[in-house]
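The values are calculated or read from the model by the stated rules, or taken from the named source; none is laboratory data. The model shown is predicted, which means the values in this text are computed figures rather than measured ones. All Cβ positions, glycine included, derive from the backbone under ideal geometry; neighbour counts span all protein chains shown.
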Amino acid sequence: MAELVCDRLTLGYEGEALVKDLSFAVEKGNYLCIVGENGTGKSTLMRTLLHLQQPMAGTVTFGDGMKENEVGYLPQQTQVQRDFPASVREIVLSGCQARLGKRFFYNAEERKLAAENMERLGISSLAERCYRELSGGQQQRVLLARALCATRRLLLLDEPVAGLDPKAALEMYQLIAELNHEGITVIMVSHDVGATIRYASHILHIGDKVFFGTKEDYLKTPSGMQFLETAEEMEETKA
């Protein structure tokens, strides 16, 4: 059974549709990359999946026992967020907020979960550091640890390596791939052609034409072949 099903979605603002009649399903363990030109509705779709925005039509349904508050989210960072004056431990712990219910304080189990996720991502030594003093790569690890405190099943990632240097970006992609191999489902908005081809199991292309399917099938389409050519040109440029 699918963990997430989108059925005939129409997405947009103020009565103007960006995407129409969008349907796809995400199974447990998938690594779905959402690609397309700027302004085609990728971030709008992400907000809709998080129930931060209502679709103009259609439905988003969680299945296989998934609940809305069991989704981990790593957003694109703004400068204000990068300068947030809190400790690493406090930010990671905040991923447990959905578990609090009517409580005001985190319990021992939640503190243990935060410690485990900091250890998992190699940031335990940074626990008492101020978040805004960290490098971009370290900050993204903190936010990923926070997202893991919210979920053991599904991660939504919006441009998770934006602004990172190549080494930090590669490390972040490797971390995400490891989590996916452990069974966590990944849905990622990305403009990184090379990473999409390397890591994705499925691709959702949003644009004049919409495609959803396996990476292998996507690369056989005109859009996919152009996508692959771009990746090869980028590799040649690096060489």
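Numbers below:
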quantity	calculated
Residue in the range 91-98 that is under 24 Å from residue 183 (Cα atoms), part of a strand (DSSP E or B) and of a type outside the set (Ser, Thr, Tyr) present	no
Looking only at the range 190-228, and only at residues there that are part of a helix (DSSP H, G or I) and of a type in the set (A, V, I, L, M), the one that is modelled with the lowest pLDDT	228
Selected residue [in the same structural domain as residue 2 (by TED's automatic domain parsing) and within 16 Å of residue 119 (Cα to Cα)] from 176, 187	176
Those residues of the range 11-57 which are loosely packed, with under 15 Cβ neighbours inside 10 Å, hydroxyl-bearing (Ser, Thr, Tyr) and more than 25 Å from residue 219 (Cβ to Cβ), in sequence order	13
Pair list, Cβ < 7 Å and 6+ apart or interchain, from the range 150-164 residues that are of a type in the set (S, T, N, Q) and at pLDDT below 90 to residues that are buried (at least 18 other Cβ atoms within 10 Å of the Cβ) and part of a strand (DSSP E or B)	151/71; 151/72
Any hit, the range 127-138, residues being in contact with an Asp or Glu (Cβ under 9 Å, 6 or more places away or on another chain) and either within 30 Å of residue 216 (Cβ to Cβ) or among the aliphatic types (A, V, I, L, M) (or both)	no
Selection from the range 8-47 of residues that are part of a strand (DSSP E or B) and of a type outside the set (A, V, I, L, M)	8, 10, 12, 13, 16, 20, 21, 23, 24, 31, 33
Long-range neighbours under 6 Å by Cβ, at least six apart or interchain, first residue at negative phi within the range 93-106, second loosely packed, with under 14 Cβ neighbours inside 10 Å	98/69
Sole residue being in the same structural domain as residue 175 (by TED's automatic domain parsing), out of contact with any helix residue (DSSP H, G or I) (no Cβ under 9 Å at 6 or more places or on another chain) and over 18 Å from residue 147 (Cα atoms), chosen from 44, 48	44
Number of positions in the range 58-71 that are surrounded by fewer than 17 Cβ atoms within 10 Å (Cβ to Cβ), under 14 Å from residue 185 (Cβ atoms) and in contact with a helix residue (DSSP H, G or I) (Cβ under 8 Å, 6 or more places away or on another chain)	1
Identity of the residue in the range 128-180, part of a helix (DSSP H, G or I) and of a type in the set (Ser, Thr, Tyr), that ends up farthest from residue 204 (Cα to Cα)	131
